[in-house]
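Take a look at the structure set out below.
The values are calculated or read from the model by the stated rules, or taken from the named source; none is laboratory data. The structure presented is a predicted model; accordingly, all values stated were derived computationally and were not measured. FYI the Cβ positions are ideal-geometry reconstructions off the backbone, even for glycines, and counts take in every protein chain you see. SASA here: full protein model, heavy atoms, side chains in, ligands and nucleic acids out. Shrake-Rupley method; radii C 1.70, N 1.55, O 1.52, S 1.80 Å.
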Amino acid sequence: QVQLVESGGGLVQAGGSLRLSCAASGTFSSYAMGWFRQAPGKEREWVSAINTGGGSTYYEDSVKGRFTISRDNTKNTLYLQMNSLKPEDTAVYYCAAGGTPGHVRLSQLYNNWGQGTQVTVSS
């Protein structure tokens with residue numbers, strides 16, 4: 001089991017940046033990781049994923065080129081650098097552990113979730 005705690009959310013203006021962190025308490029390097037987000041009244045949406053070693057990354061089309069996922073296995077921490085933020089990026093962002101290769105977009109295949117951190121982008 002791995003426990004996950006997100007941080008780094010906040011209120012920013014459009015065009016600004018935030019860096020989200022996800023601190024893990026378990027054997028972090030054993031897990032592929034992902035970021036998801038959910039806006040009020042909308043379904044949870046996959047945002048990005050990264051393999052165990054950090055060498056392979058994946059992005060949803062709407063964030064490609066703006067967001068960067070990374071991990072530091074020595075610090076048991078996952079990151080999501082978000083640049084050029086847009087109002088449509090407003091959501092609660094969740095990190096998740098246990099993604100399956102070839103199916104990184106499927107939330108049901110992740111077995112651990114953080115509590116979420118709110119990101120609000122003003123227009």
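Pull out the extension gain between residue 44 and residue 111, defined as 0.36 nm times the separation in residues minus the alpha carbon to alpha carbon distance; nm, one decimal. Walk me through the intermediate numbers first.
Details: separation 67, 0.36 × 67 = 24.12 nm, distance 1.53 nm.
Gain on stretching residue 44 to residue 111: 22.6 nm.
Computed over protein heavy atoms with a 1.4 Å probe, the carbon and sulfur contribution to the accessible area of the range 1-92 reaches 45%. Around the Cα centre of the chain, unit charges on the Cβ atoms of Lys, Arg, Asp and Glu (plus for the first two, minus for the last two) sum to a dipole of about 120 debye. In this structure the range 5-63 gives 50 Å² per residue of accessible area when probed at 1.4 Å with all protein chains present.
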